[in-house]
1. On the given criteria, is residue 21 without any contact (Cβ under 8 Å) to a residue 24 or more places away in the chain and in a loop (DSSP other than H, G, I, E, B)?
2. How many of the residues making up the range 160-192 are touching a helix residue (DSSP H, G or I) at 6+ places or on another chain (Cβ under 9 Å) and within 11 Å of the ligand (Cβ to nearest atom)?
3. Can you tell me how many residues within the range 180-222 are surrounded by fewer than 22 Cβ atoms within 10 Å (Cβ to Cβ) and without any contact (Cβ under 8 Å) to a residue 60 or more places away in the chain?
4. So how many residues does the range 24-40 have that are surrounded by fewer than 20 Cβ atoms within 10 Å (Cβ to Cβ) and within 20 Å of residue 68 (Cα to Cα)?
5. Conditions: (1) more than 14 Å from the ligand (Cβ to nearest atom); (2) not in a loop (DSSP other than H, G, I, E, B); (3) not assigned by TED's automatic domain parsing to the domain that holds residue 53. Residue 305 meets all but one. Number of the miss?
6. Going by what's in this entry, would residue 63 be described as under 13 Å from residue 308 (Cα atoms), surrounded by 22 or more Cβ atoms within 10 Å (Cβ to Cβ) and touching a residue at least 24 places away in the same chain (Cβ under 8 Å)?
7. Being within 20 Å of the chain's Cα centre (by Cα), within 14 Å of the ligand (Cβ to nearest atom) and buried (at least 19 other Cβ atoms within 10 Å of the Cβ), is that true of even one residue in the range 282-297?
8. Against the definition (at pLDDT 95 or above, within 14 Å of residue 212 (Cα to Cα), assigned by TED's automatic domain parsing to the domain that holds residue 233 and within 11 Å of the ligand (Cβ to nearest atom)), how does residue 149 come out, yes or no?
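The values are calculated or read from the model by the stated rules, or taken from the named source; none is laboratory data. No experiment lies behind these values; they were computed from the predicted model shown. No Cβ is skipped: glycine too gets one built from the backbone with ideal geometry, and neighbour counts run over all protein chains shown.
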Ligand SMILES: NC(=O)c1ccc[n+]([C@@H]2O[C@H](COP(=O)([O-])OP(=O)(O)OC[C@H]3O[C@@H](n4cnc5c(N)ncnc54)[C@H](OP(=O)(O)O)[C@@H]3O)[C@@H](O)[C@H]2O)c1
């Protein structure tokens, strides 16, 4: 099979498509013929050698945290899945390839109306957004949610989920075009963070109440304005630290508003936790795709051979939503 193998670390030019041996599913696993994978910001860090795949280094280091495709081989002990089933799912790595093997309990059935490219755009961002909003922040109907990086893959998923749960959403974005797209997705207000102070906007437009839930990707430079923008008893969830991870924390505001700061990562979690999260998403989130309340946001599809261009496109912050890699 063909796969993108990391033989060295560095810029997008290190991404090379290679022919490697086919995979065999183990006990409880299936093999999937991958039709599409999708990029995540973490892949660019792995490519640079600063975010390794959890566990021992595999013989072929292949980036890629998700896929959409068709089961083409069933391993021993698998129940409930058949060859030919259309599935997508979350991986610790290995997604930029024509085949993946995955435990059956990490599988998500692709809703009928969705293409493989759309399905590949679901797992990482919707699992992360669900985990952050529901499991970590306990978002409730009527809450005010502030979602940073509203044009990122995770941001586009969180915006839709928060709206579907009955929250009032604010997002921050870097351009007018992303603001327009974020509003189309359901953001009540898209804040242009380069020209507007997001904390002032949120406070002014909620009559001083602030945001009950904040999903943050930026880290250090946003901590103080996040604390300012938070409502009393607000929950701030840190999903990434794209702007730095060593903030000064004014503890007085934290105490005065009785705030909670919560960190989360998905990739390093034990398999059992990923299975549990996948099952919850299967039950609570996937029906919303079928009902039309959620949709995968695919910005652009690149062929596997164009993987370096796809990484450049992401690193130039040009995407709104997901960048997909097509295997065909
Ligand atoms: N904790 C977890 O389990 C988990 C899971 C998934 C992803 N993540 C992390 O979440 C972040 C978003 O991932 P993604 O794949 O959804 O991202 P993405 O699609 O690449 O989008 C990132 C966007 O963030 C905005 N941004 C704002 N400040 C930025 C800064 N200082 N540096 C770079 N971009 C900045 C940019 O949009 P503007 O033009 O609007 O500024 C950029 O397009 C990544 O850091 C990723 O590693 C964490």
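1. Numbers: without any contact (Cβ under 8 Å) to a residue 24 or more places away in the chain: yes; in a loop (DSSP other than H, G, I, E, B): yes.
When the stated conditions are applied, residue 21 passes them.
2. Residues flagged as touching a helix residue (DSSP H, G or I) at 6+ places or on another chain (Cβ under 9 Å) and within 11 Å of the ligand (Cβ to nearest atom) within the range 160-192 amount to 8.
3. 23
4. So in the range 24-40, the residues surrounded by fewer than 20 Cβ atoms within 10 Å (Cβ to Cβ) come out as 24, 26-28, 33.
Next cut, within 20 Å of residue 68 (Cα to Cα) only: 24, 26, 28, 33.
Counting residues in the range 24-40 that are surrounded by fewer than 20 Cβ atoms within 10 Å (Cβ to Cβ) and within 20 Å of residue 68 (Cα to Cα) gives 4.
5. Going through the list (1) more than 14 Å from the ligand (Cβ to nearest atom); (2) not in a loop (DSSP other than H, G, I, E, B); (3) not assigned by TED's automatic domain parsing to the domain that holds residue 53, residue 305 breaks only (3).
6. Values: under 13 Å from residue 308 (Cα atoms): yes; surrounded by 22 or more Cβ atoms within 10 Å (Cβ to Cβ): yes; touching a residue at least 24 places away in the same chain (Cβ under 8 Å): yes.
Here the answer is yes, as residue 63 does meet what is asked.
7. Filtering the range 282-297 for residues within 20 Å of the chain's Cα centre (by Cα) gives 282-290, 292-297.
Applying the additional criterion that residues be within 14 Å of the ligand (Cβ to nearest atom) yields 296-297.
Narrowing the set further to residues that are buried (at least 19 other Cβ atoms within 10 Å of the Cβ) leaves 296-297.
Yes, the range 282-297 contains at least one residue that is within 20 Å of the chain's Cα centre (by Cα), within 14 Å of the ligand (Cβ to nearest atom) and buried (at least 19 other Cβ atoms within 10 Å of the Cβ).
8. On the way: at pLDDT 95 or above: yes; within 14 Å of residue 212 (Cα to Cα): no; assigned by TED's automatic domain parsing to the domain that holds residue 233: yes; within 11 Å of the ligand (Cβ to nearest atom): yes.
Spelling it out, it is not the case that residue 149 is at pLDDT 95 or above, within 14 Å of residue 212 (Cα to Cα), assigned by TED's automatic domain parsing to the domain that holds residue 233 and within 11 Å of the ligand (Cβ to nearest atom).
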